[in-house]
Amino acid sequence: MDIEEAIQTAILYETRIRDMYRQAAGKITDPAGQRTLQMLGDDEQRHVDYLKDRLTLWQKEGRLQMEKLESAVPSAERLKRGTEKAAENVPESHRREASYLLNQALKMEIETSAFYEKMVAEISGAGRDLFARFLEIETNHIAAVQFELDYILKTGYWF
């Protein structure tokens, strides 16, 4: 897969998961859950915007210029430390809908991460760096969704 096709494919993955988070945020009735899902959806939108910008640069100049890509989702380590501070209890009635949506999100995050991992292995240079950063971010997304899922199923807390 060449770099242009890889970026276009990444945009599809990011758009798909962004849309899933936005739809899920509209279905969850718990305010803390809505905030979490909206934050994840917003993060994915920033990914889409960044990738589109990188694709435009590639198409115009035939090169990739890396710019810093931030994520609103904390690192897995910060999430783990934050479990001690989880404060908002998810009512029992919301757990089933939340666990279903979070399971869907987890599957999509894992698929997206697998794509980025493959691109890191196949592409060299700036393309590899681009996908390595996305892999790092998506790994944190997996951790965030998994932590949320664990708390929904075990204790009922949103971060």
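Accessible surface of K107, taken over heavy atoms with a 1.4 Å probe and every protein chain present, rounds to 120 Å². Peptide packing: for 141-149, 4-12, the average count of neighbouring Cβ atoms within 10 Å per residue gives the ranking 141-149, 4-12, highest mean first. Using a 1.4 Å probe on the protein heavy atoms only, what accessible surface does K52 show? Give it in Å² to the nearest 10. Estimated to the nearest 10 Å², K52 gives 110 Å².
A 1.4 Å probe, protein heavy atoms only, puts the accessible area of R128 near 100 Å². Binning the C-alpha pair distances of the stretch 99-150 at 5 Å intervals from 0 yields a P(r) profile of 5, 24, 27, 18, 12, 8, 5, 1 %, listed from the shortest bin outward.
Taking Y13, Y50 and ordering them by how much accessible surface each has at a 1.4 Å probe, largest first, produces Y13, Y50. Extension gain, D42-E111: 0.36 nm per intervening residue step, less the Cα-Cα distance, totals 22.9 nm.
What residues from the stretch 107-122 fall in the zone where the backbone N is under 16 Å from a label point 7 Å along the Cα-to-C-beta line of R16? Residues 107-119 qualify, since their backbone N sits under 16 Å from the label point. The slack in the chain from L153 to E122, taken as 0.36 nm per residue of separation less the alpha-carbon distance, amounts to 7.4 nm.
Restricting the GluC sites (Glu not before Pro) of the stretch 20-73 to loop positions (DSSP other than H, G, I, E, B) with no more than 15 neighbouring Cβ atoms within 10 Å leaves E67, E70.
The values are calculated or read from the model by the stated rules, or taken from the named source; none is laboratory data. Computed from a predicted structure; not experimentally measured. All Cβ positions, glycine included, derive from the backbone under ideal geometry; neighbour counts span all protein chains shown. Ligands, DNA and RNA are excluded from the accessible area calculation, which covers all protein heavy atoms including side chains. Shrake-Rupley method; radii C 1.70, N 1.55, O 1.52, S 1.80 Å.
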